[in-house]
Amino acid sequence: MLELGRLEDLPPEYRQTLTEQNLVPLWPSLRSVLPPRKPMPATRPTQWRYDALRPLLLQAGELTPIEKAERRVLVLANPGHGLEKMQASSSIYLGMQLLLPGEIAPAHRHTPNAVRMIVEGEGAYTTVDGERCEMQRGDLILTPTGLWHEHGHDGKDPVIWLDVLDLPLMYYLEASYVIEGTPQPVTAQQGERAYLRGGITPSPMFRRSERRYPMLRYPWAEVRAALLALQDADPSIEAVQVAYVNPETGGDAENVLGFSALMLRPGETLALPVRSPAAVFHLIEGAAEVGIAGQAFTLQAADTCCAPGYSPVTLKNSAQNQPAFLFIADESPLHRKLGVYEVFPDGL
Ligand SMILES: [Fe+2]
(Lines give C-alpha, C1' and ligand atoms only; values in the text may rest on other atoms or scores of the structure.)
Protein backbone atom coordinates (compact mmCIF):
# COMPACT_ATOMS: atom_id res chain seq x y z
CA MET A 1 0.00 0.00 0.00
CA LEU A 2 1.22 3.46 -0.87
CA GLU A 3 2.45 5.62 1.98
CA LEU A 4 0.33 8.72 2.13
CA GLY A 5 1.22 12.32 2.90
CA ARG A 6 1.45 13.33 6.56
CA LEU A 7 -0.02 16.33 8.32
CA GLU A 8 3.43 17.71 9.00
CA ASP A 9 4.21 17.63 5.27
CA LEU A 10 1.76 20.51 4.83
CA PRO A 11 2.75 24.16 5.35
CA PRO A 12 1.73 25.37 8.83
CA GLU A 13 -0.16 28.37 7.48
CA TYR A 14 -2.19 26.09 5.16
CA ARG A 15 -3.10 23.81 8.08
CA GLN A 16 -4.02 26.84 10.17
CA THR A 17 -6.33 28.13 7.44
CA LEU A 18 -7.98 24.73 7.11
CA THR A 19 -8.61 24.64 10.87
CA GLU A 20 -10.15 28.12 10.82
CA GLN A 21 -12.60 26.89 8.18
CA ASN A 22 -13.40 23.64 10.08
CA LEU A 23 -11.73 21.62 7.34
CA VAL A 24 -9.48 18.56 7.69
CA PRO A 25 -7.30 16.84 5.07
CA LEU A 26 -8.32 13.19 4.76
CA TRP A 27 -5.11 11.57 3.51
CA PRO A 28 -3.05 11.79 6.77
CA SER A 29 -5.84 9.85 8.57
CA LEU A 30 -7.08 7.64 5.74
CA ARG A 31 -5.13 4.54 6.78
CA SER A 32 -6.37 4.70 10.37
CA VAL A 33 -10.07 5.11 9.52
CA LEU A 34 -9.86 2.55 6.70
CA PRO A 35 -7.08 0.15 7.76
CA PRO A 36 -6.00 -2.48 5.24
CA ARG A 37 -7.64 -5.94 5.32
CA LYS A 38 -9.09 -5.85 8.85
CA PRO A 39 -10.19 -3.36 11.50
CA MET A 40 -7.96 -2.26 14.37
CA PRO A 41 -10.29 -2.60 17.38
CA ALA A 42 -9.64 -0.44 20.42
CA THR A 43 -11.37 -3.18 22.43
CA ARG A 44 -8.74 -5.18 24.29
CA PRO A 45 -9.13 -8.73 25.59
CA THR A 46 -9.90 -8.01 29.24
CA GLN A 47 -10.98 -10.00 32.27
CA TRP A 48 -12.86 -8.78 35.34
CA ARG A 49 -12.55 -11.11 38.33
CA TYR A 50 -15.56 -11.38 40.56
CA ASP A 51 -13.54 -12.02 43.70
CA ALA A 52 -11.73 -8.72 43.11
CA LEU A 53 -14.77 -6.60 42.28
CA ARG A 54 -17.26 -8.08 44.78
CA PRO A 55 -15.69 -6.55 47.95
CA LEU A 56 -15.39 -3.20 46.17
CA LEU A 57 -19.04 -3.32 45.16
CA LEU A 58 -20.08 -4.20 48.73
CA GLN A 59 -17.92 -1.31 49.91
CA ALA A 60 -19.83 0.97 47.53
CA GLY A 61 -22.95 -0.16 49.40
CA GLU A 62 -21.45 1.31 52.59
CA LEU A 63 -20.02 4.44 50.96
CA THR A 64 -22.97 5.48 48.82
CA PRO A 65 -26.63 5.16 49.79
CA ILE A 66 -28.96 4.10 46.96
CA GLU A 67 -30.58 7.57 46.93
CA LYS A 68 -27.19 9.02 45.98
CA ALA A 69 -26.51 6.40 43.32
CA GLU A 70 -29.92 5.58 41.83
CA ARG A 71 -28.18 2.60 40.27
CA ARG A 72 -25.24 1.40 42.42
CA VAL A 73 -22.95 0.04 39.74
CA LEU A 74 -19.27 -0.56 39.17
CA VAL A 75 -18.69 -0.42 35.44
CA LEU A 76 -16.49 -3.09 33.82
CA ALA A 77 -14.50 -0.73 31.63
CA ASN A 78 -12.15 -1.76 28.86
CA PRO A 79 -8.77 -0.01 29.16
CA GLY A 80 -8.44 -0.13 25.37
CA HIS A 81 -11.19 2.48 25.11
CA GLY A 82 -10.05 4.44 28.19
CA LEU A 83 -11.76 3.72 31.52
CA GLU A 84 -13.67 7.02 31.43
CA LYS A 85 -15.58 5.84 28.35
CA MET A 86 -17.22 3.11 30.49
CA GLN A 87 -17.47 0.59 27.67
CA ALA A 88 -16.47 -3.05 27.33
CA SER A 89 -16.47 -2.91 23.52
CA SER A 90 -17.59 -0.41 20.90
CA SER A 91 -21.26 -1.17 21.61
CA ILE A 92 -21.36 -3.14 24.87
CA TYR A 93 -21.56 -1.66 28.35
CA LEU A 94 -21.12 -3.96 31.37
CA GLY A 95 -21.90 -3.01 34.94
CA MET A 96 -22.05 -5.01 38.15
CA GLN A 97 -24.97 -3.70 40.21
CA LEU A 98 -25.63 -4.07 43.94
CA LEU A 99 -29.01 -3.85 45.62
CA LEU A 100 -29.19 -4.20 49.40
CA PRO A 101 -32.19 -5.58 51.31
CA GLY A 102 -35.04 -3.08 51.42
CA GLU A 103 -33.60 -0.84 48.74
CA ILE A 104 -35.45 0.32 45.66
CA ALA A 105 -33.88 1.48 42.40
CA PRO A 106 -36.63 3.79 41.12
CA ALA A 107 -38.64 3.40 37.92
CA HIS A 108 -37.30 4.78 34.69
CA ARG A 109 -37.16 4.03 30.99
CA HIS A 110 -34.48 4.81 28.48
CA THR A 111 -33.44 4.38 24.89
CA PRO A 112 -30.55 1.92 25.48
CA ASN A 113 -31.57 -1.74 25.63
CA ALA A 114 -30.55 -3.60 28.78
CA VAL A 115 -30.47 -7.11 30.15
CA ARG A 116 -29.62 -8.38 33.64
CA MET A 117 -27.74 -11.60 34.31
CA ILE A 118 -28.27 -12.39 37.99
CA VAL A 119 -25.03 -13.23 39.80
CA GLU A 120 -25.90 -13.80 43.45
CA GLY A 121 -28.53 -13.30 46.13
CA GLU A 122 -32.19 -14.09 46.65
CA GLY A 123 -35.31 -12.01 47.06
CA ALA A 124 -34.81 -9.22 44.55
CA TYR A 125 -37.14 -8.50 41.66
CA THR A 126 -37.32 -6.28 38.63
CA THR A 127 -40.64 -4.96 37.43
CA VAL A 128 -40.55 -4.51 33.66
CA ASP A 129 -43.51 -3.14 31.73
CA GLY A 130 -45.87 -4.11 34.56
CA GLU A 131 -44.46 -7.62 34.91
CA ARG A 132 -42.71 -8.71 38.10
CA CYS A 133 -39.61 -10.75 37.32
CA GLU A 134 -37.96 -12.64 40.17
CA MET A 135 -34.17 -12.49 40.11
CA GLN A 136 -32.33 -15.76 40.72
CA ARG A 137 -28.79 -16.83 39.92
CA GLY A 138 -28.31 -17.22 36.16
CA ASP A 139 -31.68 -15.75 35.16
CA LEU A 140 -31.68 -13.41 32.19
CA ILE A 141 -34.14 -10.52 32.40
CA LEU A 142 -34.74 -8.15 29.49
CA THR A 143 -35.39 -4.45 29.87
CA PRO A 144 -35.61 -3.46 26.21
CA THR A 145 -35.62 0.07 24.88
CA GLY A 146 -38.48 2.23 26.10
CA LEU A 147 -39.90 -0.18 28.71
CA TRP A 148 -40.40 1.04 32.29
CA HIS A 149 -38.34 -0.84 34.83
CA GLU A 150 -37.43 -0.66 38.51
CA HIS A 151 -35.69 -2.93 40.98
CA GLY A 152 -36.65 -3.91 44.54
CA HIS A 153 -35.34 -6.30 47.16
CA ASP A 154 -37.38 -8.15 49.83
CA GLY A 155 -34.61 -10.61 50.77
CA LYS A 156 -32.00 -10.66 53.53
CA ASP A 157 -28.65 -10.62 51.72
CA PRO A 158 -27.11 -8.38 49.05
CA VAL A 159 -28.18 -9.08 45.49
CA ILE A 160 -25.74 -8.55 42.63
CA TRP A 161 -26.31 -8.74 38.91
CA LEU A 162 -24.49 -8.01 35.68
CA ASP A 163 -26.06 -5.33 33.49
CA VAL A 164 -25.40 -5.60 29.76
CA LEU A 165 -26.45 -2.60 27.68
CA ASP A 166 -25.90 -1.13 24.23
CA LEU A 167 -25.28 2.22 25.95
CA PRO A 168 -22.00 3.07 24.12
CA LEU A 169 -23.76 2.73 20.78
CA MET A 170 -26.78 4.81 21.85
CA TYR A 171 -24.47 7.44 23.31
CA TYR A 172 -22.43 7.53 20.09
CA LEU A 173 -25.66 7.93 18.12
CA GLU A 174 -26.59 10.85 20.42
CA ALA A 175 -29.78 8.91 21.09
CA SER A 176 -29.24 8.11 24.78
CA TYR A 177 -31.64 9.56 27.35
CA VAL A 178 -33.75 8.52 30.34
CA ILE A 179 -37.20 9.45 31.67
CA GLU A 180 -37.94 9.06 35.37
CA GLY A 181 -41.25 7.54 36.44
CA THR A 182 -43.35 6.54 39.40
CA PRO A 183 -43.56 3.03 40.91
CA GLN A 184 -45.31 0.62 38.54
CA PRO A 185 -48.28 -1.49 39.55
CA VAL A 186 -47.92 -5.14 38.58
CA THR A 187 -50.44 -5.54 35.75
CA ALA A 188 -49.03 -8.24 33.46
CA GLN A 189 -48.83 -12.02 33.77
CA GLN A 190 -45.40 -13.59 33.80
CA GLY A 191 -44.69 -14.11 30.11
CA GLU A 192 -42.13 -16.84 30.72
CA ARG A 193 -44.85 -19.16 32.06
CA ALA A 194 -46.79 -18.85 28.81
CA TYR A 195 -43.71 -19.79 26.75
CA LEU A 196 -42.32 -22.52 28.96
CA ARG A 197 -42.48 -25.31 26.35
CA GLY A 198 -40.55 -25.17 23.10
CA GLY A 199 -42.39 -25.16 19.79
CA ILE A 200 -45.71 -23.87 21.07
CA THR A 201 -47.04 -20.39 21.81
CA PRO A 202 -50.27 -19.18 23.37
CA SER A 203 -52.97 -18.61 20.71
CA PRO A 204 -56.24 -17.80 22.50
CA MET A 205 -59.10 -17.61 19.96
CA PHE A 206 -56.47 -18.11 17.23
CA ARG A 207 -54.76 -14.84 18.13
CA ARG A 208 -51.02 -14.58 18.61
CA SER A 209 -49.40 -12.08 20.94
CA GLU A 210 -48.45 -8.83 19.33
CA ARG A 211 -46.18 -7.74 22.18
CA ARG A 212 -42.78 -6.82 20.81
CA TYR A 213 -41.20 -8.43 23.88
CA PRO A 214 -43.52 -11.30 24.90
CA MET A 215 -40.94 -12.91 27.21
CA LEU A 216 -38.94 -10.81 29.65
CA ARG A 217 -37.44 -13.40 32.00
CA TYR A 218 -35.51 -16.48 30.92
CA PRO A 219 -35.14 -18.61 34.07
CA TRP A 220 -31.72 -20.23 34.38
CA ALA A 221 -33.28 -23.51 35.55
CA GLU A 222 -35.01 -23.78 32.15
CA VAL A 223 -31.99 -22.72 30.10
CA ARG A 224 -29.71 -25.11 31.96
CA ALA A 225 -32.19 -27.96 31.48
CA ALA A 226 -32.40 -27.10 27.75
CA LEU A 227 -28.62 -27.32 27.41
CA LEU A 228 -28.51 -30.71 29.13
CA ALA A 229 -31.39 -31.94 26.98
CA LEU A 230 -29.65 -30.75 23.82
CA GLN A 231 -26.52 -32.66 24.78
CA ASP A 232 -28.61 -35.76 25.54
CA ALA A 233 -30.46 -35.51 22.23
CA ASP A 234 -27.31 -35.23 20.16
CA PRO A 235 -24.12 -36.10 22.05
CA SER A 236 -22.04 -35.42 18.91
CA ILE A 237 -23.37 -31.87 18.47
CA GLU A 238 -20.62 -29.39 17.55
CA ALA A 239 -21.35 -27.09 20.49
CA VAL A 240 -23.98 -27.29 23.21
CA GLN A 241 -25.30 -23.77 22.77
CA VAL A 242 -28.72 -22.10 22.81
CA ALA A 243 -29.80 -18.59 21.82
CA TYR A 244 -32.16 -16.38 23.80
CA VAL A 245 -34.87 -15.50 21.28
CA ASN A 246 -38.25 -13.86 21.03
CA PRO A 247 -40.53 -16.94 21.28
CA GLU A 248 -43.16 -15.42 18.96
CA THR A 249 -40.83 -14.56 16.10
CA GLY A 250 -37.75 -16.72 16.67
CA GLY A 251 -35.73 -13.53 16.13
CA ASP A 252 -33.21 -11.97 18.46
CA ALA A 253 -34.49 -11.25 21.97
CA GLU A 254 -33.38 -7.61 21.62
CA ASN A 255 -32.53 -5.29 18.74
CA VAL A 256 -28.82 -4.62 19.14
CA LEU A 257 -27.07 -7.23 21.28
CA GLY A 258 -27.48 -11.00 21.05
CA PHE A 259 -27.46 -13.44 23.96
CA SER A 260 -26.72 -17.13 24.22
CA ALA A 261 -25.80 -19.79 26.76
CA LEU A 262 -23.21 -22.47 26.21
CA MET A 263 -22.33 -25.64 28.06
CA LEU A 264 -18.73 -26.77 27.84
CA ARG A 265 -18.68 -30.50 28.33
CA PRO A 266 -16.10 -32.01 30.71
CA GLY A 267 -12.69 -31.83 29.05
CA GLU A 268 -14.06 -30.00 25.99
CA THR A 269 -12.15 -27.37 23.99
CA LEU A 270 -14.08 -25.26 21.49
CA ALA A 271 -12.46 -23.02 18.89
CA LEU A 272 -15.12 -20.45 18.05
CA PRO A 273 -15.25 -19.17 14.48
CA VAL A 274 -13.61 -15.79 13.98
CA ARG A 275 -16.49 -13.32 13.58
CA SER A 276 -16.87 -9.58 13.18
CA PRO A 277 -18.81 -8.79 16.42
CA ALA A 278 -17.18 -8.31 19.80
CA ALA A 279 -18.36 -10.70 22.51
CA VAL A 280 -18.55 -10.96 26.28
CA PHE A 281 -18.26 -14.22 28.24
CA HIS A 282 -19.64 -14.55 31.77
CA LEU A 283 -19.16 -17.76 33.68
CA ILE A 284 -22.30 -19.01 35.43
CA GLU A 285 -21.11 -22.36 36.74
CA GLY A 286 -17.92 -24.44 36.73
CA ALA A 287 -14.64 -23.01 35.42
CA ALA A 288 -13.29 -22.26 31.94
CA GLU A 289 -10.14 -21.15 30.23
CA VAL A 290 -10.70 -18.53 27.57
CA GLY A 291 -8.08 -17.78 24.93
CA ILE A 292 -8.55 -14.52 23.05
CA ALA A 293 -6.09 -13.55 20.33
CA GLY A 294 -3.23 -15.29 22.13
CA GLN A 295 -4.13 -14.10 25.62
CA ALA A 296 -5.32 -16.59 28.22
CA PHE A 297 -7.85 -15.98 30.98
CA THR A 298 -9.13 -18.40 33.60
CA LEU A 299 -12.75 -17.75 34.46
CA GLN A 300 -14.14 -18.84 37.81
CA ALA A 301 -17.82 -18.53 38.67
CA ALA A 302 -19.14 -14.97 38.04
CA ASP A 303 -15.98 -13.85 36.24
CA THR A 304 -16.43 -11.93 33.00
CA CYS A 305 -14.19 -11.25 30.02
CA CYS A 306 -14.54 -9.61 26.65
CA ALA A 307 -13.13 -10.33 23.20
CA PRO A 308 -12.82 -7.84 20.36
CA GLY A 309 -14.34 -8.74 17.02
CA TYR A 310 -12.22 -10.31 14.26
CA SER A 311 -10.33 -12.32 16.94
CA PRO A 312 -9.92 -16.05 17.47
CA VAL A 313 -11.51 -17.28 20.71
CA THR A 314 -11.11 -20.69 22.32
CA LEU A 315 -13.10 -21.97 25.28
CA LYS A 316 -11.84 -24.86 27.37
CA ASN A 317 -13.22 -26.80 30.29
CA SER A 318 -10.33 -28.62 31.95
CA ALA A 319 -12.52 -30.34 34.51
CA GLN A 320 -13.09 -33.98 33.64
CA ASN A 321 -16.07 -34.46 35.91
CA GLN A 322 -18.30 -31.39 35.53
CA PRO A 323 -19.59 -29.12 32.77
CA ALA A 324 -19.03 -25.36 32.65
CA PHE A 325 -21.87 -22.97 31.78
CA LEU A 326 -21.26 -19.64 30.06
CA PHE A 327 -23.49 -16.71 29.25
CA ILE A 328 -22.46 -14.92 26.05
CA ALA A 329 -23.46 -11.44 24.88
CA ASP A 330 -22.34 -10.17 21.50
CA GLU A 331 -22.97 -7.55 18.84
CA SER A 332 -24.34 -10.01 16.24
CA PRO A 333 -27.85 -8.50 15.75
CA LEU A 334 -26.29 -5.07 15.24
CA HIS A 335 -23.73 -6.33 12.73
CA ARG A 336 -26.38 -8.30 10.82
CA LYS A 337 -28.70 -5.29 10.61
CA LEU A 338 -25.86 -3.09 9.41
CA GLY A 339 -24.82 -5.66 6.80
CA VAL A 340 -21.28 -5.97 8.20
CA TYR A 341 -21.65 -9.37 9.91
CA GLU A 342 -18.81 -11.65 8.80
CA VAL A 343 -17.56 -15.10 9.73
CA PHE A 344 -14.04 -16.19 8.81
CA PRO A 345 -14.04 -20.00 9.00
CA ASP A 346 -10.34 -20.16 8.21
CA GLY A 347 -9.37 -17.30 10.53
CA LEU A 348 -7.89 -13.96 9.57
FE1 LIG B 1 -32.36 1.32 33.55
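The values are calculated or read from the model by the stated rules, or taken from the named source; none is laboratory data. Fair warning: this is a prediction, and the values are worked out from it, not measured in the lab. Here the Cβ positions follow ideal geometry from the backbone for every residue, glycine too, while neighbour counts run over all protein chains shown. The protein model used for the area step is the full one, side chains on, heavy atoms only, and it has no ligands, DNA or RNA in it. Shrake-Rupley method; radii C 1.70, N 1.55, O 1.52, S 1.80 Å.
Descriptive notes on the structure:
- Maximal additional length on extending the Ile104-Leu228 stretch stands at 41.1 nm, based on 0.36 nm per residue less the C-alpha distance.
- Accessible carbon and sulfur surface of the chain relative to its total accessible area, %, 1.4 Å: 55
- Charge context of Pro214, other residues only, Cβ under 12 angstrom, K/R +1, D/E -1: 0
- Spin-label model distance (nm) - Val343 vs Thr19, 7 Å beyond Cα toward Cβ: 4.9
- Whole-number D in µm² s⁻¹ for the chain, Kirkwood Cα-pair radius fed into Stokes-Einstein, 4 °C, 1.567 mPa s: 59
- Counting lysine pairs in the chain that sit 8 or more residues apart in sequence, or on different chains, and whose Cα atoms lie under 25 Å apart gives 5.
- With a cut-off of 13 Å between beta carbons, the residues surrounding Asp9 carry a summed charge of 0, where Lys and Arg count +1 and Asp and Glu -1.
- Taking all protein chains into account, the per residue accessible area for the chain stands at 52 Å² (1.4 Å probe).
- Rolling a 1.4 Å probe over the protein heavy atoms leaves Asp234 with an accessible area of roughly 60 Å².
- If R0 is taken as 41 Å, the Cβ-Cβ distance between Asn321 and Glu210 corresponds to a FRET efficiency of 0.30.
- Structure-based [θ]222 nm, the chain - -39500 (n - 2.57) summed over DSSP H runs of at least 4, per residue, nearest 500: -4500 deg cm²/dmol
- Long hydrophobic helices in the chain, taken as whole DSSP H segments with a C-alpha length of 18 Å or more on their own axis and mean Kyte-Doolittle hydropathy at least -0.5: 50-63, 220-233.
- The residues packed around Ile179, meaning those with a beta-carbon under 13 Å from its beta-carbon, carry a net charge of -1 if Lys and Arg are +1 and Asp and Glu are -1.
- Peptides ranked, highest mean first, by Cβ atoms within 10 Å: ranges 273-282, 204-213: 273-282, 204-213
- If you sort Arg217, Arg71, Arg197 by accessible surface, 1.4 Å probe, largest first, the order is Arg197, Arg71, Arg217.
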